[in-house]
1. Give me the pairs, please: first residue somewhere in segment 88-100 and over 11 Å from residue 190 (Cα atoms), second residue anywhere and of a type in the set (S, T, N, Q) and open to solvent by 50 Å² or more (accessible area, probe 1.4 Å), beta-carbon distance under 7 Å, and either six or more positions apart or on two chains.
2. Restricting the search to segment 79-108, which residues are open to solvent by less than 40 Å² (accessible area, probe 1.4 Å) and not in a helix (DSSP H, G or I)?
Amino acid sequence: MNARHFIFSSLVAFLSLPGVALAHPGHIEAPALLAGLLHPFSGADHLLLMIGVGIWASMLSRRWIGSVAALTAMVLGVLWAATGGALPGLELLLAGSLLVMGGVLVGVLRAVPGLTGMLVMVLAGLHGYAHGVEMPLGTPLSNYVLGLVLASLVLQLSGMTLGCVAKKRLGERRGLLGLPLLATGVWLLLGSA
């Protein structure tokens, strides 16, 4: 499979997901841990960002530092939302976060690794905030957050695996894995406008 075929197939698969960015309306009532586990899989924005974080982490010499930092920022975002923090324009910010993460992966937004790491943490914190806002009322925070962290870790590990396989198959062109994030970000922004 050549790189263009792989990228096109990935893009079609991601855009074909049912309810692509509809993770934000209410969820089916579920125990807190299950609600946290399911939420990251229920919308393309959360799903793609965490996979993108994993791909980005696969490009680092110390992969786990990037993953743990992003998970920590996501938890802080959830806690901010749980304490009533306000963030206007959330849907636009979430769509824009895919553009930024895609840009990081493609290499458009190259910076000093520490600055890129901080940028990725801000994106993860933003998605954590969205998770916190969408937490069902009366849900125990600790169980919900545990579910979110476990599900996000699974998505990041998938991204790390994809990034490592892409390094072997695509070499330095593995940054092209960011194109589905860019395309989805544009698609969501156009849908939010």
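1. That search, which allows pairs on different chains as well, returns 91/192.
2. Answer for segment 79-108, where residues must be open to solvent by less than 40 Å² (accessible area, probe 1.4 Å) and not in a helix (DSSP H, G or I): 85, 107.
The values are calculated or read from the model by the stated rules, or taken from the named source; none is laboratory data. As the structure is a computational prediction, the values presented were derived from the model and not from experiment. No Cβ is skipped: glycine too gets one built from the backbone with ideal geometry, and neighbour counts run over all protein chains shown. The area values use the complete protein model at the heavy-atom level, side chains included, leaving out ligands, DNA and RNA. Shrake-Rupley method; radii C 1.70, N 1.55, O 1.52, S 1.80 Å.
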